[in-house]
1. Take peptides 67-80, 25-38 and line them up by average Cβ neighbours within 10 Å, highest first, as a rough protection proxy.
2. Would you please classify the overall shape of the range 1-59 from the alpha carbon gyration tensor, given that a ≥ b ≥ c denote the square roots of the eigenvalues, rounded means a/c under 1.5, and beyond that prolate means a/b larger than b/c while oblate covers the rest?
3. Order of 48-57, 1-10 by packing, highest average Cβ count within 10 Å first?
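Every read-out reported here was derived from the displayed coordinates using simple, explicitly stated rules and does not represent laboratory data. None of the values given here were measured: they were computed from a predicted structure. Note: ideal-geometry Cβ built from the backbone for every residue, glycine included; neighbour counts use all protein chains shown.
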């Protein structure tokens, strides 16, 4: 299965990200099928550059978009839909939920 996700590049404390299409099981810093853009979060507001035609092509082919990129694309108006909750938020909710008492 294909996924569209971010891969961090840049120096320490100066992040910059590539937007890559690659197999879901592959390492984000490994080989990829296509680089369709980049994201620079250090400028205010963050600078997102994407080849829109290639993004639409890969989504049409069945590539999944990561949660973070999905939310960025919705903010930029590149895709339509609802924002997704990020994994960190889900983990925080799981920690706050009370655990059921064990029955003896």
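1. Answer by packing, highest mean first, reads 67-80, 25-38.
2. Values: a/c = 2.95, a/b = 1.33, b/c = 2.21.
Taking the square roots of the gyration eigenvalues as a ≥ b ≥ c, the range 1-59 is oblate.
3. Numbers: 48-57: 14.4, 1-10: 16.0.
The densest-packed peptide leads the list: 1-10, 48-57.
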